[in-house]
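What follows is one structure encoded as structure tokens, with my remarks underneath.
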2 protein chains.
Amino acid sequence: MKGDLTLLPAVEAAGAIRDGRLMSEALVAAYLKRIDETEGTIKAWAHLDPDEALAQAREADRIRKAGHATGALHGVPVGLKDIIDTAHMPTERGTPIFKGRTPDADARMVERLYDAGAVIMGKTKTTELGYLHPTDTTNPHDPARTPAGSSSGSAAAVAARHVPLAVGTQTGGSVIRPASFCGTFGFKPTRGVISRGGVLRTSVSLDQIGVFANTLEDIALLTDALGCYDQRDPTSFARPRPAMLDGARAEPPAGPDIAWFDLPFYDRLDPETAAGLEQVIEALGDRVERFPAAPQLAGLTDVHKTIYDYEIAGNIALIEADYGAPLSPEMTDAIKRGRAITKDQYEDAMAVKESANAFFEKHFHDFDAILAPSATGEALPLTAGSTGDAIYCTIWTLAGLPCLSLPLLVGENGLPIGVQLIGSVEKDDRLMRTAAWMLRALAEEGE
Amino acid sequence: MKGDLTLLPAVEAAGAIRDGRLMSEALVAAYLKRIDETEGTIKAWAHLDPDEALAQAREADRIRKAGHATGALHGVPVGLKDIIDTAHMPTERGTPIFKGRTPDADARMVERLYDAGAVIMGKTKTTELGYLHPTDTTNPHDPARTPAGSSSGSAAAVAARHVPLAVGTQTGGSVIRPASFCGTFGFKPTRGVISRGGVLRTSVSLDQIGVFANTLEDIALLTDALGCYDQRDPTSFARPRPAMLDGARAEPPAGPDIAWFDLPFYDRLDPETAAGLEQVIEALGDRVERFPAAPQLAGLTDVHKTIYDYEIAGNIALIEADYGAPLSPEMTDAIKRGRAITKDQYEDAMAVKESANAFFEKHFHDFDAILAPSATGEALPLTAGSTGDAIYCTIWTLAGLPCLSLPLLVGENGLPIGVQLIGSVEKDDRLMRTAAWMLRALAEEGE
């Protein structure tokens, strides 16, 4: 195939590899060349061994040529956030504590990737233990700005076309916000779609797996490949998963209905982002209905914070006890806050979390999706020392709802800004359908 | 839907359930009714709780009605051989030693069934620890005859239309022979397609998972659902699995080429079976090429026996040590034989096993499949005290090749006899395609 192979969507690359029109080795080599050219600035990778990636690619080609089975991601390279265990690559979790650590076993999702025929390209940089303390990864759109966190390297790697697909995690807003800052599609499916088996635990109630890609169909393709029931993950559900790619390719039976909640903390939006969102709402016309924020919604950010602080304190304390860990000020503060929360306060927060799910479920009888900002605005300068505000992600993460960031807006400095669509629990396929419709509707509007 | 629902292939039942034309509850109730009517004679089930099965069926219906995702086996009941661990049902392994044992965790394949939306109907009777000592299960075609073993209950349950689908295991001939005796389709895919995680280990080198159904497409449907890479199973491979249902529905580009080896032990075939096989070969005409048996083929049955005895002795000795087990004479003999095998003899056998794979691989350059008997003839009378001779299965099992039994012949007592097709490693999809072609060719021939 001709042209820059790193521009090829994964859906097309996988198809071409399966048909024999493209060698996985050529595809992986093209991505490795881009990495070689730009990694010095972007610093997306915690572990990358070009020879090993090429060996996997040649094996994918050999399998295909031998007439053996090919998978949905056959020969397509995927990046994995470095808190996802891999048995053949280090998994260092963004902290010197785990320097050189190579797990004995693959995470469950890595088994799924092998089933799909994917090439595991390498491990992408994460903030310290998937929390707040930044990595040195830079934003591919401006090296003086943050890619956001905690899935910093996964978002940057996809935005820089180092890989077409990458996996991250989201406990607060660690997929949606990096996708917004880096201008990629980002998706956190319904809690429990993708197993957390073999992934660093920071919060058993909130940790969720998500993905990055440069097209909606690629997001869907990767999520379909990763999803499975895993009895060892307490949030994993023993039921079929929504068919993401079918959803992304489906036509809605009628124009979808989209809700917008005027949440009080939307006053943190920068003016460009607020104006961009208004334009989107206007373009969608009477498909969008605005609601004043229900009072219980605003309080959910505190509930999220209580649960997160309480649970991360417990989990990281175990690491600290085992390793006498040098932790960042962000992490020691979280542990301090978590230890000051009483069990009663934690249990009250957990009860509110349950009621939030019922609240959203009710709304989704009438709506296909909720529209919301993905982040407060453009990526922050690295000098701010922060990966940005996750405020527009925490509520939906708390409720385990599927969330999608679409790279639709551009800020005053020419940097990407995402628009978020949130769907009903375990109806991720409907969310995909709504998103595909919205992308088409806005494209026609813009013509 | 009208008519006897237990006659509906699983492919059609699953489609009808997904479309809302059939309730899983109605389907499961129809099967439970048949079980109620005939289980007194057949004795296929080690554990069956109708209320629990119906509850699962109602949950499958609820999921579908709520607009949630449905799976490839949505609402379709599946039986599991009672050496496959289930966390919500006992797993007693065909021996009083494990009476009342309920495992802490599901086997990996049970997770896959939940992903596919299946109803776990119950646990089917197995010979003692999946070896030779018979259960009290009878052959649905004649209650005075054996259904064969070790997957006795799985084969009988499918033949009796207690379930449309069931899972078994094969270390020697424990899927193909029961399928032959009971007149069902039986399939043991390539070693490593289906994980053995959570299945009783008798022989790490030989134990393999297989399936039973009443149509070729149903066999393929179930195998597709069960297959996955599992790093904890040393035979599981980290590559995509062949697409079985696509294979069963594919047209071969040309008439397939089929090999027949004149193996010396074919003189154990009963005359009716030998004549039936000759008719099949004749009907397939020049698509079949006959070969004298290569000398190394005949010796492979002894190699299989050496490995099996050596490994089962080690595994069952562990159980004996832990439980002070009352074991059958069949099992104590096997342990005695296994203990008399030296490590050198075992390792020599393992080396021959490896060379057998290379021998077969070479042949499959020229042939799509090998044709062979499934068993020596009709099901034996229960009074024989044996589950039958596995001689026609052990060679292919040793090499890990995919094996399929097709219920094509009828013996002198009117009982079913299977015909076996063996395929190339990891080309199970091509074997499915060849089998579908052969079924069509023989049906046309018979018209």
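Arrange B:Ser205, B:Ser174, A:Ser328, A:Ser203 by Cβ neighbour counts within 10 Å, fewest through most, would you?
On the way: B:Ser205 20, B:Ser174 34, A:Ser328 17, A:Ser203 23.
Listed from fewest to most nearby Cβ atoms, that is A:Ser328, B:Ser205, A:Ser203, B:Ser174.
How are the C-alpha pair distances of the protein assembly as shown spread across 20 Å bins, as whole percents from the shortest bin up?
Reading upward from the zero bin: 15, 43, 32, 10, 0.
What are the ³J(HN,Hα) couplings of region B:245-261, residue after residue, when phi is run through the Karplus curve with 6.51, -1.76, 1.60 and θ = phi - 60°? Round to Hz, x for glycine and proline.
Residue by residue, region B:245-261 yields 5, 4, x, 5, 9, 8, 9, x, x, 8, x, x, 9, 10, 9, 10, 9 Hz.
Bin by bin, in steps of 5 Å, what percent of the Cα pairs in region A:6-55 do you find, going until the bin that has the longest distance?
4, 19, 26, 22, 18, 8, 2, 0
Show log10 I(q)/I(0) for region A:163-244 at q = 0.24 Å⁻¹, two decimals, from a solvent-free Debye sum over equal Cα scatterers.
Normalising to I(0) and taking log10 leaves -1.16.
With the crude spin-label approximation of a point 7 Å out along Cα→Cβ, what separation in nm comes out for B:Glu278 versus A:Gln279?
Placing both labels 7 Å along Cα→Cβ, they lie 8.4 nm apart.
Dividing the Cα radius of gyration by the Kirkwood radius, what Rg/Rh value follows for region B:1-157? Don't skip to the end; give the middle numbers.
Details: Rg = 15.7 Å, Rh = 16.0 Å.
On the Cα set of region B:1-157, Rg over Rh gives 0.98.
From the C-alpha coordinates alone, can you work out the Kirkwood hydrodynamic radius of region A:257-408, in Å? Spell out each step's value before the answer.
Numbers: mean 1/r = 0.0570 Å⁻¹.
Radius from the Kirkwood sum: 17.5 Å.
Return the lysines within reach of B:Lys336: Cα separation strictly under 28 angstrom, same-chain partners fewer than 8 residues apart disregarded; answer none if there are no such residues.
Within the straight-line cut-off, B:Lys336 pairs with B:Lys81, B:Lys99, B:Lys125, B:Lys305, B:Lys353.
Please work out the FRET efficiency for the pair A:Ala29 and A:Ala298, using the Cβ-Cβ distance as r and a Förster radius of 45 Å; give the result to the nearest 0.05. All intermediate terms of the calculation are to be shown ahead of the outcome.
Numbers: r = 51 Å, r/R0 = 1.13.
Efficiency for this residue pair is about 0.35.
State the extension gain, in nm to one decimal, for the chain segment bounded by A:Glu289 and A:Ala443, taking 0.36 nm per residue of separation less the distance between their alpha-carbons. Each step should come with its number before you reach the end.
Working: separation 154, 0.36 × 154 = 55.44 nm, distance 2.07 nm.
Contour length minus Cα-Cα distance gives 53.4 nm.
State the three equivalent ellipsoid semi-axes of region A:153-309, derived from the C-alpha gyration tensor as the square roots of 5 times its eigenvalues, in descending order and whole Å.
Details: eigenvalues 140, 90, 65 Å².
Equivalent ellipsoid semi-axes, largest first: 26, 21, 18 Å.
Place the label 7 angstrom along Cα→C-beta at B:Pro143 and in each other copy, then list the distances from the first to the rest in nm, shortest first.
Shortest to longest, the spacings are 8.4 nm.
D for chain B, whole µm²/s, Stokes-Einstein with Kirkwood Rh over alpha-carbon pairs at 10 °C and 1.306 mPa s: what number?
Details: Rh = 21.7 Å.
My calculation gives 73 µm²/s for D.
Read phi for every residue in region A:419-430 and hand back ³J(HN,Hα) as whole Hz from Karplus 6.51 cos²θ - 1.76 cosθ + 1.60, θ = phi - 60°, with x for Gly and Pro.
10, 9, 10, 10, x, 7, 3, 6, 10, 4, 5, 5
Given R₀ = 41 Å, what would the calculated FRET efficiency be for B:Leu54 paired with B:Asp246, taking r from the Cβ atoms and rounding to 0.05? Kindly include the intermediate steps, with their values, before the conclusion.
Details: r = 33 Å, r/R0 = 0.80.
Computed FRET efficiency for B:Leu54 and B:Asp246 comes out at 0.80.
Out of all Cα-Cα pairs in region A:237-336, roughly what percent, to the nearest whole number, are more than 20 Å apart? Please report the intermediate quantities before stating the final value.
Working: 3317 of 4950 pairs.
Within region A:237-336, distances greater than 20 Å cover 67 percent of Cα pairs.
Just to confirm my numbers, what's the Cα centroid distance between region B:82-124 and region A:31-54 in Å?
Taking the Cα centre of region A:31-54 as reference, the centre of region B:82-124 is 45 Å away.
Show which aspartates and glutamates lie in cross-link reach of B:Lys33 when reach means a straight Cα distance below 14 angstrom and same-chain residues fewer than eight apart are skipped.
By straight Cα distance, B:Lys33 reaches B:Asp4, B:Glu25, B:Asp49, B:Asp51.
Please state, rounded to one decimal and in Å, the Kirkwood hydrodynamic radius that region A:140-188 gives when every pair of distinct Cα atoms enters the mean of 1/r. Intermediate results must be reported in sequence, preceding the final value.
Working: mean 1/r = 0.0978 Å⁻¹.
About 10.2 Å, per the Kirkwood formula over Cα pairs.
Quick one: if the Förster radius is 56 Å, what FRET efficiency do A:Met1 and A:Met350 give, using the C-beta to C-beta distance and rounding to 0.05? Before the final figure, lay out each step's value.
Details: r = 52 Å, r/R0 = 0.92.
With R0 = 56 Å, the Cβ-Cβ based efficiency is 0.60.
With contacts defined as alpha carbon pairs under 8 Å and 6 or more residues apart, what's the relative contact order of chain B in percent? Show your work: numbers first, answer last.
Numbers: 1019 pairs, mean separation 76.2, N = 447.
After rounding, I find 17 percent.
Taking K and R as +1 and D and E as -1, what net charge do the other residues with C-beta under 10 Å from the C-beta of A:Gly400 add up to?
After counting each charged neighbour, the total is +2.
Step by step: find N for region B:324-441, compute 2.2 N^0.38 Å, then divide the Cα radius of gyration by it. What's the final number?
With N residues counted in region B:324-441, Rg over 2.2 N^0.38 Å equals 1.32.
Bear in mind these aren't lab numbers, they're just calculated from the coordinates by the rules spelled out. Computed from a prediction, not measured in an experiment: that's the story for all the values here. Here the Cβ is made from the backbone with ideal geometry for all residues, glycine too, and neighbour counts use every protein chain on show.
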